[in-house]
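The values are calculated or read from the model by the stated rules, or taken from the named source; none is laboratory data. Since this is a predicted model, take the numbers as computed values, not measurements. Counting neighbours? That spans all protein chains shown, and the Cβs are built from the backbone with ideal geometry, glycine included. Heads up: the accessible areas ignore ligands, DNA and RNA and are worked out on the full protein's heavy atoms, side chains in. Shrake-Rupley method; radii C 1.70, N 1.55, O 1.52, S 1.80 Å.
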Amino acid sequence: MSILRDQLFDEILQARQRVYAVGDPTPLQELNLPGVEAAIFAKREDLGPIKAYKWRGAYNCMAKLAPEQRAKGVVAASAGNHGQGVARAASRLGCKAHIFMPRSTPEVKQNAVRMHGGEQVEIVLVGDSYDAASAAAHEYADTHGLTFVHPYDHLYTMGGQGTLADEVVMSGEGPFDRVYLQIGGGGLAAACACWFKKFWPECKCIGVEGVNQASMKLAVESGARKTLPYVDVFCDGTAVRTAGELTSELCSELMDSFVTVTNEEVCQAIRSLWNSIRVITEPSGAMGLAALIQDWQNGNIKQGEKCLVVLSGANMDFAQMGVVASRAGVQDSKRVERFLQIPMETKRGQILRYLESIPDGVLLTDVQYGRMAGNIQMPVFGVLATQEQFAEIDRALAEKGLKARDVSNDADVQFRMISYDRERLSHPVFLVIEFPERPGAFSEFMRVIGEYAHLCYFNYRYSGEHVGRALVGLEFETVADRDACREKAAALRGTTIQGLHELPDDVRHRVLDRMSPKNKP
């Protein structure tokens, strides 16, 4: 055991009496995830006094300062949660805190800093990343002779953060076989691993980072701290370009392995939390669970193993929830969503015939199609299915001489860039329809419409509601066909189709003009 590790253990031991002067222990809660046959417990740091664990380290660090240091004031840099912890400590200890935050910091975190700190806090927004804010904060602290309260790379800060692990050990739910610890700078991971390894030597401590945030994994594997050329800020609480000096040494000694997770996996983990215990964390707060799910799917967790994840924070802007829901997709424990581009002849009823050939149990989640020139069209279908069902789809297409291309990661699909060629359309009508989200409902509508019209545009995305909504473009060979179709479609309103209305002429012209060849870049 290294000297640094011994020092950290002592700091955690001493921090307990200070930390609990300003906050109560947070509970453990068992999670039930369908398909994951392991015992999973969540440390509910989202229930702490600032809805995140950062208050522990900030208060412990500031409480250990000499009175004259606190009297001069402190400086901190934060993407949000550390700032709240410093603000709370400043209010309780009666000292001034200058908190530097990136300009992109969510409003909910800025407001929370003001709420916890009151008149004791000054927020300075600078730069577009944590590193830029940190550089400005260090410069300000040096210029004015103030103490910088580090969010992770200081023994006092880590000592406070380690009280989280002490509560887990004291809970009586252990020992745990696996603990998943998200890493930004590494303070939480280093402190918790230090404590767990002392009491449960066989416990595996797994460090979790975002795919484009893995500065700690890089530092440990290369044996030297390096700065990432790019860092993804979707999980803003862990967006750190360079691992800490102390934390990288400790993590190199204490971490048994590392797991990197994608933003989509994090969003899916947030959805799993909602489904299990009706809790929504911020993205970084769900990273540990995302890694656990990934490890289970990859066969790295044995059936019945006891696992711990830390819900490290829940300070997310309300507006970001829609993005999280969208990026989570509609996967479940057995089925995954893929986007398939399937070549089809430019003939009436081709998409309907595909819809009718979907195997039982497969959910159509997305359709993106716009009529283009040529005899072959390339619609995109979002499909939620098992691996066996995808194989069945492949076989059915092969019998028709077709092959689907997986375009799930294509930018034009992710951003729904549905192009169409106006010059190829005749007598078009655009309808907004609502239909019950049940198998066959939309196909019933298409059978009626298909007697009169060609499909020239289709924009639909499953939303999880009981009612599906789609923007559908139809084209007709004659005006008479168009009028007859309007009458038939209106007759469906309130039956198979629960809502249907045609776009007004001015809106229809704008839709047509938007993708007209003359307006294409």
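Before moving on, here are some points about what is shown:
- For region 284-391, the relative contact order is 26 percent, taking Cα pairs closer than 8 Å that sit 6 or more residues apart in sequence and dividing their mean separation by the residue count.
- Between R353 and F415, the FRET efficiency from the beta-carbon distance, with R0 = 30 Å, is close to 0.60.
- Computed over region 324-399, the P(r) curve from all C-alpha pair distances, binned at 10 Å from the origin, holds 17, 50, 27, 6, 0 percent per bin.
- For L13 and I376, the difference between the fully extended length at 0.36 nm per residue and the C-alpha to C-alpha distance is 123.7 nm.
- Where Rh is the Kirkwood radius over Cα pairs, Rg/Rh for region 200-275: 1.01
- The orientation-averaged projection of the convex hull spanning the C-alpha atoms of region 229-376 amounts to 13.8 square nanometres.
- Of all aspartates and glutamates in the structure, the ones whose alpha carbon falls short of 17 Å from that of K54, not counting any fewer than 8 places away in one chain, are E11, D24, E45, D46, D153, D166, E167, D236, E282.
- Using a simple spin-label model with pseudo-atoms 7 Å out from Cα toward Cβ, S257 and M321 lie 3.5 nm apart.
- Mean separation of Cα contacts under 8 Å, 6 or more apart, over the residue count of the chain: relative contact order %: 12 percent
- With Cα atoms defining each centre, region 344-394 and region 264-280 are spaced 29 Å apart in the structure.
- Base-10 log of normalised Debye intensity for the chain (one unit scatterer per alpha-carbon) at q = 0.08, 0.13 Å⁻¹: -0.62, -1.12
- Helix-only mean residue ellipticity at 222 nm for the chain, each DSSP H run of n ≥ 4 adding -39500 (n - 2.57), per residue, nearest 500: -12000 deg cm²/dmol
- Gain on full stretching of the segment that runs from D6 to S171 - 0.36 nm per residue minus C-alpha separation: 57.1 nm
- For the chain, the residue among Y20, H116, I206 whose Cα projects farthest onto the positive side of the dipole built from Cβ charges is H116.
- For the set T163, T262, the ranking by accessible area, highest first and with no ligand, DNA or RNA atoms included, is T262, T163 under a 1.4 Å probe.
- Rounded to 10°, Cα long-axis angle of helix 54-63 versus longest principal axis of the chain: 20 degrees
- Distance (nanometres) between label positions extended 7 Å along Cα→Cβ at E423 and A132: 4.4 nm
- Dipole moment magnitude, nearest 20 debye, the chain about Cα centre, only Lys, Arg, Asp, Glu C-beta charged: 500 debye
- For the chain, the longest principal axis of the C-alpha atoms and the axis of helix 130-144 are separated by about 30°.
- Each Lys and Arg adds +1 at its Cβ and each Asp and Glu adds -1 at its Cβ; summed about the Cα centre, region 277-334 shows a dipole of about 160 debye.
- Euclidean distance between Cα centres, region 166-185 to region 1-63, Å: 8 Å
- Total charge dipole magnitude, region 308-447, about the Cα centre, Cβ charges on Lys, Arg, Asp, Glu only, Debye to nearest 20: 360 debye
- Relative to the longest principal axis of the Cα atoms of the chain, the long axis of helix 505-514 lies at roughly 70 degrees.
- Spread over its residues, the convex hull of the C-alpha atoms of region 10-128 is 135 Å³ per residue.
- Zero-based 5 Å bins, Cα pair distances in region 121-259, whole percents: 2, 11, 18, 21, 19, 14, 9, 5, 2, 0
- Probe 1.4 Å - accessible area at H154, Å² to nearest ten: 70 Å²
- With θ taken as phi - 60° and the Karplus curve 6.51 cos²θ - 1.76 cosθ + 1.60 applied, the whole-hertz 3J(HN,Hα) list for region 11-20 is 5, 5, 4, 6, 6, 4, 5, 6, 4, 6 Hz, x standing for glycine and proline.
- In range of the label at H144: residues from region 72-94 whose backbone nitrogen is under 12 Å from the point 7 Å along Cα→Cβ: 72-76
- Dipole orientation for the chain: of the candidates I270, F318, H454, F318 has the Cα lying most toward the positive pole (charges on Cβ; Lys, Arg +1; Asp, Glu -1).
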